[in-house]
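Remarks on the structure that follows.
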Amino acid sequence: MSFSKPRWIPLDENTLHPNPFTQFELWWAEAVDVVREPEAICVATADASGQPRARMVLLRGRDERGFCFYTNYESRKGEDLEENPRASLLWYVEPLGRQVRIEGNVEKVSIEESDAYFADRPRGHQLGAHASQQSRPIESRSALQDAVDVVGGTFEGKDVPRPNHWGGYRIVPTFFEFWQHREDRIHDRVFYTPQGNGTWNLKRHQP
Ligand SMILES: Cc1cc2nc3c(=O)[nH]c(=O)nc-3n(C[C@H](O)[C@H](O)[C@H](O)COP(=O)(O)O)c2cc1C
């Protein structure tokens with residue numbers, strides 16, 4: 001991994017891959033060499049009133065069905081998505097001067113996918129998923145630790161099952177933007193919008 005010299009590669013709509021999922025994978029392959037945690041991605045939701053809310057999550061699944069992250073379904077973001085199942089993802093790759101914005105509809109991943117992901121997590125994470133009522137207030141750190149200890153006792157010597165309130169969401173893209181920093185500040189931006197037949201329209205936009 002090198003943080004030394006920026007490698008800003010101009011973005012050309014004629015050489016971008018016609019499939020934005022593939023283009024994302026091409027940028028991903030370059031990001032993993034220069035970013036410590038490329039999975040860190042911002043997800044923005046909005047409630048029914050339109051109030052936006054953004055926070056970081058870890059991107060844990062990517063394929064042509066969409067982009068997945070895992071969380072507590074009863075969290076604030078879970079409530080937002082219940083009211084308004086749409087989201088925007090923002091991925092920033094600072095050393096390469098790149099950002100990707102994705103917008104789309106949100107669905108829960110299958111129970112099987114959530115089970116498989118949960119089963120793979122370290123035990124401490126599994127206990128935390130049971131103990132933490134994510135986004136709810138709590139009087140102290142020690143009260144939270146007590147809750148973890150209680151759960152630890154409950155599952156002592158046993159596998160920890162996935163709680164029903166915890167699982168994955170998949171953002172099914174309806175829009176991508178690939179943005180490339182340029183030294184002269186006349187940055188490159190290319191939008192992908194679906195053409196309705198499984199293919200995407202690419203269009204340069206002004207910076
Ligand atoms: C780098 C990073 C990665 C994170 N990954 C996750 C994640 O994968 N899932 C999750 O629920 N929260 C994750 N968090 C915590 C969230 O940002 C957030 O605090 C939490 O999900 C509660 O958000 P909410 O109250 O808006 O629902 C992460 C935070 C950071 C800084």
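All of the numbers you see were taken from the coordinates with simple rules; none came from a lab. On a predicted model such as this, the values are computed, not experimentally measured, just so you know. With ideal geometry, Cβ positions are generated from the backbone for all residues, glycine too; neighbour counts draw on all protein chains shown.
At-a-glance table
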{"item": "Label-point separation, H125 to S110 (7 Å along Cα→Cβ), nm", "result": "2.1"}
{"item": "Local electrostatic count, R101, Cβ distance below 10 Å [Lys/Arg +1, Asp/Glu -1]", "result": "-1"}
{"item": "Unit charges at the beta carbon, dipole of the chain: most positive-side option, A143, L96, A29", "result": "L96"}
{"item": "Cα-based shape type of segment 76-182, given that a ≥ b ≥ c are square roots of the gyration tensor eigenvalues and the cut on a/c is 1.5", "result": "prolate"}
{"item": "In sequence order, calculated HN-Hα J values of segment 51-59 (Karplus, 6.51, -1.76, 1.60; Hz; x Gly/Pro)", "result": "5, x, 9, 10, 7, 7, 9, 9, 6"}
{"item": "Estimated 222 nm signal from helices in the chain, with DSSP H stretches of n ≥ 4 weighted -39500 (n - 2.57), rounded to 500", "result": "-7500 deg cm²/dmol"}
{"item": "Cα pair distances exceeding 20 angstrom across the chain, given as percent", "result": "63"}
{"item": "Relative contact order, percent, segment 20-205 [alpha-carbon distance under 8 Å, six or more residues apart]", "result": "23"}
{"item": "Candidates per chymotrypsin sites (Phe, Trp or Tyr not before Pro) in segment 112-207, loop by DSSP, up to 16 other Cβ within 10 Å", "result": "F155"}
{"item": "Neighbourhood net charge (15 Å Cβ-Cβ; Lys/Arg +1, Asp/Glu -1) for V160", "result": "-1"}
{"item": "I186-A29 FRET efficiency (beta carbon distance; Förster radius 30 Å; 0.05 resolution)", "result": "0.70"}
